[in-house]
Structure formats: C-alpha cells, structure tokens
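Trainee: I have a structure I would like to understand better, so I am pasting it below and will then ask my questions one at a time.
The values are calculated or read from the model by the stated rules, or taken from the named source; none is laboratory data. Not measured: the values here are computed from a predicted model. Backbone-built Cβ (ideal geometry, glycine too); neighbour counts: all protein chains shown.
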C-alpha cells in the first residue's frame, strides 16, 4: 500500500473519530424541565442521526460522502419524590460510517442525573448534576465506537414556563469532559443551550420551533492542546407533541444542522414516548 494511501486513511480515521466524540453534539434535551407527577415515569427516546459532511475550523466541508448513521433508543427511568428528580438513562443503538466501512453497536454510555426543583413560583427552575459513565464499548484500535471511553460531569439548568396557550422549555449545560485513558484523548469542555417554544393547537396537542446550540473548547491529545479543534454547532427544527392518549404522551422532533465547526453536518429525528403509570 502506498504511503499516500496510508496517510489518507489515518487522517480520515482521526477526523471521523474526533467528530464522534462530542457528548452533546448529536443529542437533544433528554431531561425534563417541567415538574411531573410523583412516582416512577418510563420514557423512550428513539432517534436517528444522518450526516454526510464534516466541516473544518472555518466551517468549510473537509470530509464528504461520510455516510454517518447513528440510531437507537435512550431508555429513561425517572423518579419524582417531592422536589427531588432522579433519572437514569441507558442508551442502546448502533453507529455506522460508510466511508470507513466500519460500524459498532450495543450499550452506550449511561447517564445518572439528580435534580432539585427550586421554590420559584413564576417559572419552574431545576438545577441538575449529571454524570456520564463510560459503559459503552470503546476500543482505540477501531475507527468507530458507540461509546466514547471517557467520563463527563455535566451541570444543567432547566427552565419551564406555561403561559397558555404557549409553553417554553430551555436548558443550559456545561459539560466537563475527562481524558480517555485508553486513547489519551481529552475532548474540550462544552457549553450547550437548547430551547423549545410550543403553542396549543387543540386539547393536548402542541407544536413549535426548537433550537440547539453547542460550542466546545479545543481538544487535547497526550496532554497537548490541538489548536483550532473546538467544535461549534447550531441546529434548528421543530417538535409536535400529542398527549391525548390516557397513559402515553408522544412527540416527534426534527433538527437540521445549519452552522458547524469541526463537526458533522446532518439531520436528527427523535421521538419522545412517556408512559404514565
């Protein structure tokens, strides 16, 4: 194999691997800002993400025909008691990168949340502490991994306001990302802001626009900062919520990446199914 081919493959693997590592880049708000009824709530979040392009530090396409597909379901277990909200999310799914002819599937990185609703009357406020554990499969010898092999510590602030017929959801997150001990790669810390505004169309049917924004600091490899490697992503979309079933609330959302730096550019479709017992 010619040396140019080897270098091209290694560069492709490193670029694709870096674009898959951000914790929040391909996700939306899987927590809950609104206060729910006391007791146990079971929620499912099926999702599908497709991207064919990766951008460089200036937002220009640096990889095309990527063929990245990431899909699966987040299994969420919520428990509400008083002002305390406990949450465990278990992701199961698969990831494929057609350009690399590689894929991975299985259990992802589990999220453990603990939140507390503050005694504020005019708006619902819930600060949350989240730990993402590296339970997903990761092997540095493989170009594609469903898990990222490192721990995250996330501080979240959820806001919710109902002003009939409108409802407003927002969350702000700061993600502290730790070193992957196997690859010696440290993703940059991230700031995330997400918002959703809906209006009631009919009884228990709501629809409205949504926005997701994420920016990250430069990554590190072997303790050395990789210049101009921080990501940026702006995605916009919308969501429709159907809650007329007696014990089931369903929503469907879609997001299009509009502005990216050092990240993939694609479309995310996610559904939320909340079962009330």
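Trainee: Note down all Cβ pairs under 6 Å where the first residue falls in the range 24-49 and is under 17 Å from residue 70 (Cβ atoms), the second is at pLDDT below 85, and they're at least six residues apart or on different chains.
Mentor: Filtered contacts from the range 24-49: 45/30; 49/26.
Trainee: Next up: Does the range 194-213 include one or more residues that are under 30 Å from residue 99 (Cβ atoms), more than 14 Å from the chain's Cα centre (by Cα) and either at pLDDT below 95 or crowded, with 16+ Cβ neighbours inside 10 Å (or both)? Steps first, answer last, please.
Mentor: Residues of the range 194-213 under 30 Å from residue 99 (Cβ atoms): 194, 210-213.
Imposing the further condition that a residue be more than 14 Å from the chain's Cα centre (by Cα) reduces the set to 210.
Now drop any that are not either at pLDDT below 95 or crowded, with 16+ Cβ neighbours inside 10 Å (or both), which leaves 210.
Within the range 194-213, one or more residues are under 30 Å from residue 99 (Cβ atoms), more than 14 Å from the chain's Cα centre (by Cα) and either at pLDDT below 95 or crowded, with 16+ Cβ neighbours inside 10 Å (or both).
Trainee: Follow-up. If you take the residues of the range 88-132 that are assigned to a loop (DSSP other than H, G, I, E, B) and touching a strand residue (DSSP E or B) at 6+ places or on another chain (Cβ under 7 Å), which of them is surrounded by the most Cβ atoms within 10 Å (Cβ to Cβ)? Working first, answer last.
Mentor: Taking the range 88-132 first, the residues assigned to a loop (DSSP other than H, G, I, E, B) are 101, 108-110, 117-123.
Then keep just the ones that are touching a strand residue (DSSP E or B) at 6+ places or on another chain (Cβ under 7 Å); that gives 108-110, 117-118, 123.
Working: 108: 26, 109: 22, 110: 17, 117: 19, 118: 12, 123: 14.
Ranking the qualifying residues of the range 88-132, first place goes to 108.
Trainee: Within the range 55-87, track down each residue that is touching a strand residue (DSSP E or B) at 6+ places or on another chain (Cβ under 9 Å), closer than 20 Å to residue 266 by Cα and not in a strand (DSSP E or B).
Mentor: 56, 57, 58, 59
Trainee: Residues being surrounded by fewer than 18 Cβ atoms within 10 Å (Cβ to Cβ) and either under 30 Å from residue 119 (Cβ atoms) or without any contact (Cβ under 8 Å) to a residue 12 or more places away in the chain (or both): count how many of those fall in the range 148-169. If you could, list the steps in order and put the result at the bottom.
Mentor: We begin by selecting, within the range 148-169, every residue surrounded by fewer than 18 Cβ atoms within 10 Å (Cβ to Cβ); these are 151, 153, 155, 157, 159, 161-166, 168.
Okay, now just the ones that are also either under 30 Å from residue 119 (Cβ atoms) or without any contact (Cβ under 8 Å) to a residue 12 or more places away in the chain (or both), so 153, 155, 157, 159, 161-166, 168.
Looking only at that region, the number is 11.
Trainee: Can you tell me which condition residue 183 does not meet? The list is (1) buried (at least 16 other Cβ atoms within 10 Å of the Cβ); (2) out of contact with any strand residue (DSSP E or B) (no Cβ under 8 Å at 6 or more places or on another chain); (3) at pLDDT 95 or above, and all the others hold.
Mentor: So residue 183 meets the others, but not (3).
Trainee: Quick one: which residue in 112, 66, 130 is within 22 Å of the chain's Cα centre (by Cα), under 24 Å from residue 231 (Cα atoms) and modelled with pLDDT of 95 or more?
Mentor: Numbers: 112 fails: under 24 Å from residue 231 (Cα atoms); 66 fails: modelled with pLDDT of 95 or more.
It is 130.
Trainee: Does residue 273 meet the test of being farther than 22 Å from residue 46 by Cβ, in a strand (DSSP E or B), more than 16 Å from the chain's Cα centre (by Cα) and at pLDDT below 95?
Mentor: Values: farther than 22 Å from residue 46 by Cβ: no; in a strand (DSSP E or B): yes; more than 16 Å from the chain's Cα centre (by Cα): yes; at pLDDT below 95: yes.
The answer is no for residue 273.
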